[in-house]
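The structure appears right after this line, and notes come after that.
The values are calculated or read from the model by the stated rules, or taken from the named source; none is laboratory data. Just so it is clear, the model here is predicted, and its values are computed rather than measured. Here the Cβ positions follow ideal geometry from the backbone for every residue, glycine too, while neighbour counts run over all protein chains shown.
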Amino acid sequence: MPRPAHASWSLNTVARRALRYALLVALLAPASPAWSQAPTDSPRETALAQLADAATLVVRGRVHGVEARAANRAVYTYATVAVDEVLKGAGDMASGTTLVVKTLGGAADGLVLHVADAPTFSVGDEAILFLAPRPGDGSLYPVGLSTGVWPVSIDLTGGGPQAGHDEWRGPFDTAFRDRVARSLPALAPYTLVPAEWAPYSQPSYVLLTTDWGGPARWHQADDGRGVTVNFQTGGSVAAIDGALALWNAAGSVLSLRRGADGPAPLDRVCAGFTGSGTIELSWGGPCEEIAPTDTATVGIGGGYITPGRPKTVGTTVFADFVQGIAILNPNRPNAASANCTVEAVAHLLGHAFGLGHSDVATAIMAAVPRGSCTTATPSLDADDRDGIRAIYADIASGPSRPDAPTAISSSTLLSTVALQWTPAVTGGPAYSYSLEAAGSPGGPNFLNPPFTTTGRALTVAGVPPGTYYVRVRASNPLGTSGVSPETQVVVGPCTVPSAPTAFSATVDGLNVAFTWSPPTSGLTQFYRLSAGFASGRADAAVLDGLTATSYSTVAPAGSYYVRVTAVNVCGDGPPTPDTLVQLRSCSAAPNAPTNLRAASSGGVVTLAWDAPVAGDRPARYRIRAGLSPTDLGLLGSGVVTSDSRPVLTASAGAGTYYVQVISTNTCGDSAPSVTTPVTVTP
Ligand SMILES: [Zn+2]
C-alpha cells in the first residue's frame, strides 16, 4: 500500500501512528448509515452517542483476518481484530488483544447469506468498532450493523486523525473519547472470541469479497406465485398486513402474501437456511441477533441467494432468492407508533425482496428512518415504487387468474401428437396448463387427470387411433381459465410404408455400399437392412434403425441375399426384392483393359474400353493422359467403376492427347492398355 510519505512528517505522534494505516482504511467499502434513530441538529454527535450507549464495548482496532463460515445452518463472517485502544468496556484489555467480530451474512460452503447493510471488513482496515454481545452466545457484533463500524482515517490538511464514514467523518480526539466514556454503562457479558471459533484458531483467513451474490430477486414473482411472508407468533399481524399492502400497491408483479405464523424460533433458526422459498419474519429477541439494549438497529433484512439461476431484468442480472429473512428489532424507534412498526417491517421486507438503501430521505428504504411515521399514515415514496418496479416488471393491474389460451394447434405423426397453444395476453400470468380431450366437439373431457405442463407445448406419443377434440386451460394459484378453442386431432389408421425403391449394391473387393430411395407411400421411421445366406433369409446380418438411405460395410467373402425394409410404429413395410451380393478377395491384379477407343466432338472426349475377359475382376479404372505418348500423367482414379462396357467423357482444350487405361483392384494395378491418341479441335 503506497503512502504519502512527504506529508507524514508534519503530523503529530498520534497522527503519524494512524497514518500508517490511513490508506488501508480506504479498503473499507463505502458504508451507508444503518436505519437508525432520526438525527437531530447534530447528526454525528447523535449517532456517536447512540452507538456508544448501545455498545457494550467500543474499541479502536485493526482487521487482520476475515473469513466466512457456515455454522448453525447460517452463514457468519468473522473478522479478527487486533485491539489498539479500548474506549469503552474492559479497561484492562491489553493493547494487541485479539477479538473476533461475528457478523451475520457472508458466503461460505456454497451458501450465500446476503444481509442488507452488513458491515464489510478487509484485512488492514482500521476502525472504531461499537460492539454488543449477542444474547445467545455472547459473541460480538457491531450495533447498527455497518453503522457501528467507523473507519479511522487521517485529515491530511488538518493533521488529526478522523473517524466515521461519509457525513459522519470528523475528529477522533479527546472529545470523541470523552463522549464514548460518558455513555451508559454496559453490563452485558461478552466473549471476545466466539466459542465455535476457538477450535479453528489456526488462522487461515480468507478475504471476503464485498459481492455477496447480489443483486437478487424472487423469480417466482414472474409466474404469479408471489412470495409468502411467514411470521413468528406474537408480533403485530396488522403491521405485517400494513407493510404488505404498501408494497402490493406499488404496481409491480411482485405479490407479497401473509403466510402462516409459528412459534418463536430458537437457536438462530430465525436466520438459518431452510430453502423455504418464503420470507421468514421474526420479532427480534428469540433470534438472538440483536441485543436488547440495541436501539440503533432497526432490524436485519436480507435473504439466501441461488447464484446459479440468473435472470436479466433490463440490463441487470439478478440471482434468485430462495429464502428471505426479516428480523425486526422490537425496541424503539420501531415501536414509537403502530405506523412506525409498519414502516420498519416494510423496510426489512424491502431488503428481503431485493432493495438496498435509498438516498432519498423520504423513502421507506432510506437508511435513516423518516420521522414522519409517528404522525403520518405509512406510504411508499415514489422512489420506493421505482425501486420495486425496477426489480419486478410492471403489471397492468392486480393479480388475477389467467384467461384462456387464445389458440391451439396440433400436428400428428403416426401415433404421436404434438400440441402447442398461445397464452392470452390478458388476465393474470399462467403458471401451468392442463389439456383436455373429448370424443366430440365440446364433449366431456375424458383425460382424468388432465395432462398438465408448465410449457406452451406438449407432445404425446402412443395415442390410439381415433378422432379427438383437444383444448387447454391455463392456471395460476388464483384460479383456472375457461377452455381454449379446440383442435381436431386425427390419429390413424395405422399404415406401414411401402417398399424402398432403387435398391442397389456396389462391390469393391470385400467392400459393399448399398443405396436406396425412400418408399413412395407411408411414413418411414427407420430402415432395416437384412442379409442372408439364401434367398429370403436374414441369417447373415440384420441392421435396424438406419435413418439414412445408404449404408457401407466390409464383410467376409461370400454370397449374400440382401434387402431393405422401411419400418414405422405401425409395422414393417414390404422388403425390396433380394439382391445378390458376391464379395471376393482378389487373388491378383486384374488384366489390362482392351479395345480402348477415343473420340472427340465439340471439345468433349469420349473414351470407351472393354473389361478384361480373364483374371480377377477390376474394381476401378484409372485414366492416364498427356500431350506426349511418353509423358502421361494420372488423370483420375476411380472415375469409372466396374462395368462391362465402361465409358468416360471429359472436356478438353484443343490439341492432341495420348490416353491409356489401367485396371485396378485391391491386389494392384494392371499393365496399361494400349496408348491411343485423340485430337480435340475447338
Ligand atoms: Zn436497512
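So, restricting to strands (runs of 3 or more DSSP E) that lie completely within region 401-459, which ones have at least 1 residues that are among the small types (Gly, Ala, Ser)? Outline the logic, then answer.
Numbers: elements: 407-413, 416-422, 432-438, 451-453.
Filter on region 401-459 gives 407-413, 416-422, 432-438.
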Across (1) surrounded by 18 or more Cβ atoms within 10 Å (Cβ to Cβ); (2) among the aliphatic types (A, V, I, L, M); (3) closer than 14 Å to Ala513 by Cα, Ala548 clears everything bar (1)
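Looking at Arg268, Arg309 in this structure, which one is at pLDDT below 80, away from the ligand (no atom under 13 Å from the Cβ) and loosely packed, with under 15 Cβ neighbours inside 10 Å?
Arg309
Given the criteria touching a Ser or Thr at 6+ places or on another chain (Cβ under 6 Å) and either assigned to a helix (DSSP H, G or I) or more than 13 Å from the ligand (Cβ to nearest atom) (or both), does Asn331 qualify?
Values: touching a Ser or Thr at 6+ places or on another chain (Cβ under 6 Å): yes; either assigned to a helix (DSSP H, G or I) or more than 13 Å from the ligand (Cβ to nearest atom) (or both): yes.
For Asn331, the condition - touching a Ser or Thr at 6+ places or on another chain (Cβ under 6 Å) and either assigned to a helix (DSSP H, G or I) or more than 13 Å from the ligand (Cβ to nearest atom) (or both) - is met.
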Over region 358-386, the set of residues among the hydroxyl-bearing types (Ser, Thr, Tyr) and either modelled with pLDDT of 85 or more or within 13 Å of the ligand (Cβ to nearest atom) (or both) is Ser358, Thr377, Ser379
Restricting attention to region 101-123, the residues that are in a loop (DSSP other than H, G, I, E, B) and on the phi < 0 side of the Ramachandran plot number exactly 7
Condition set of a type in the set (Ser, Thr, Tyr) and not in a strand (DSSP E or B), scope region 496-528, selection surrounded by the fewest Cβ atoms within 10 Å (Cβ to Cβ): answer is Thr520
So, first residue under 21 Å from Ile325 (Cα atoms) and within 16 Å of the ligand (Cβ to nearest atom) in region 118-145, second residue assigned to a loop (DSSP other than H, G, I, E, B) and among the β-branched types (Val, Ile, Thr), Cβ within less than 6 Å, six or more apart or across chains; the pairs are Thr120/Thr210; Gly144/Thr297
Within region 341-357, residues over 21 Å from Thr46 (Cβ atoms) and either within 11 Å of the ligand (Cβ to nearest atom) or in a helix (DSSP H, G or I) (or both) come out as Thr341, Val342, Val345, Ala346, Leu348, Leu349, Gly350, His351, Ala352, Leu355, Gly356
- Task: Return yes or no: is Gly466 more than 30 Å from Thr520 (Cβ to Cβ) and small (Gly, Ala, Ser)?
- Result: no
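Kindly state which strands (runs of 3 or more DSSP E) lie completely within region 577-682 and contain at least 2 residues that are within 29 Å of Val512 (Cα to Cα) and hydrophobic (A, V, I, L, M, F, W, C). So that I can check it myself, show each step before the final result.
On the way: elements: 579-583, 594-601, 604-610, 620-628, 631-641, 647-651, 655-665, 676-680.
In region 577-682, the matching strands (runs of 3 or more DSSP E) lie at 579-583, 604-610, 631-641, 647-651, 655-665.
Residues to consider are Ala107, Ala79; find the one that is closer than 28 Å to Asp359 by Cβ and at pLDDT 85 or above.
Values: Ala107 fails: at pLDDT 85 or above.
Just one listed residue meets the conditions, Ala79.
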Open item on the list: Take Thr191 and tell me if it is on the phi < 0 side of the Ramachandran plot, in the same structural domain as Ala74 (by TED's automatic domain parsing), not small (Gly, Ala, Ser) and not in a loop (DSSP other than H, G, I, E, B).
Closed with: no
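Take the conditions at pLDDT 95 or above, outside any strand (DSSP E or B) and buried (at least 17 other Cβ atoms within 10 Å of the Cβ) and apply them to Ala531. Does it pass?
On the way: at pLDDT 95 or above: yes; outside any strand (DSSP E or B): no; buried (at least 17 other Cβ atoms within 10 Å of the Cβ): yes.
When the stated conditions are applied, Ala531 does not pass them.
With the requirement that a residue be part of a loop (DSSP other than H, G, I, E, B) and over 21 Å from Glu196 (Cα atoms), what does region 124-139 give you?
Step one: filter region 124-139 for residues part of a loop (DSSP other than H, G, I, E, B), giving 124-125, 134-139.
Listed by number, the residues that qualify are Gly124, Asp125.
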Does Gly536 count as among the small types (Gly, Ala, Ser) and buried (at least 16 other Cβ atoms within 10 Å of the Cβ)? no
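Matching residues to (1) without any contact (Cβ under 8 Å) to a residue 24 or more places away in the chain; (2) among the β-branched types (Val, Ile, Thr); (3) within 17 Å of Pro500 (Cβ to Cβ):
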| residue | (1), (2), (3) |
| --- | --- |
| Phe533 | no, no, no |
| Leu543 | yes, no, yes |
| Thr547 | yes, yes, yes |
| Tyr551 | no, no, yes |
| Pro556 | no, no, no |
| Val562 | no, yes, yes |
| Asp572 | no, no, yes |
| Pro575 | no, no, yes |
Contact list, first residue from region 346-373 and assigned by TED's automatic domain parsing to the domain that holds Ser236 and hydroxyl-bearing (Ser, Thr, Tyr), second anywhere and within 9 Å of the ligand (Cβ to nearest atom) and outside any helix (DSSP H, G or I), beta-carbon distance below 6 Å, six or more apart or interchain, is Ser358/Met365; Ser358/Ala366
